[in-house]
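All remarks here apply to the structure that follows.
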Amino acid sequence: SAGDEDNAEKCARLCIAVGERAGLMLGPTMCYGILARVAFVRRDLAEAAAHTQKYLQLCGKLGIYAYFHMHKYYDPMLQFADKHGIEPQITQRIMALSGYKAKKAYIETLGGFAV
C-alpha cells in the first residue's frame, strides 16, 4: 500500500467484498488494515478510525497478532487506537502480545521530585 494508495484501496475493497461474501476472513481482515493505513496517509481520521476499529475487532476475534510485531508499520495504528479509545481491550491485548513498548517520559516537578 505504500506509495500506491489508490490501487491498494481498490484491491483491498475487492478482497473484502469477495472474502466477506465467501466467509473467508483472513484476507479481508488484512485489507481493513490496508484501508486504515491508506486513510492515515490521506489524513482522513474518521475513515482511519472506522477501518482501525474493524481491523482490531477482526484481529481480536480471529486471534491474528503476528503482524503487530512489525512495529514500524503497526505501532502508529496501535497508538492511534489507544489514544482514541478504539477497541481498548483488544488494542491493549495486541500491544501486550506484540511486545509494544510505550515511549517513556521524564517529568521533573517543583522541589526536585522526578518521575
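The values are calculated or read from the model by the stated rules, or taken from the named source; none is laboratory data. On a predicted model such as this, the values are computed, not experimentally measured, just so you know. Neighbour counts are summed over all protein chains in view; Cβ atoms, including those assigned to glycine, are modelled from backbone coordinates with ideal geometry. Ligands, DNA and RNA are stripped out before the accessible areas are found, and what is left, the full protein with its side chains, is counted by its heavy atoms. Shrake-Rupley method; radii C 1.70, N 1.55, O 1.52, S 1.80 Å.
In Å², and per residue, what accessible area does the chain have when probed at 1.4 Å with the other protein chains present?
Here the residues of the chain average 64 Å² of exposed surface.
Once the whole set of protein chains is in place, how much accessible area is left on L58, using a 1.4 Å probe, in Å² to the nearest 10?
Its heavy atoms expose roughly 20 Å² to the probe.
Given the DSSP H assignment, sum -39500 (n - 2.57) over each helix run of at least 4 residues in the chain and divide by its residue total; what's the result at 222 nm in deg cm²/dmol, nearest 500?
-21500 deg cm²/dmol
To the nearest 20 Debye, how big is the dipole of the stretch 1-77 about its Cα centre, given +1 on the beta carbon of each Lys and Arg and -1 on that of each Asp and Glu?
160 debye
Ignoring ligands, DNA and RNA, please state the percent of accessible area on the chain from carbon and sulfur, probe 1.4 Å.
Looking at the chain in its full context, I get 59 percent from C and S.
Just name one of L45, M77, G3: the one whose Cα is farthest towards the positive end of the charge dipole of the chain (beta-carbon charges, Lys/Arg +1, Asp/Glu -1).
M77
I'm spelling it out carefully: the read-out is volume of the Cα convex hull per residue in Å³, the candidates are [x] 86; [y] 108; [z] 119, and one was derived from this structure. Which label?
[z]
Over the chain, what is the relative contact order in whole percent, taking alpha-carbon pairs under 8 Å and six or more residues apart?
Answer for the chain is 17 percent.
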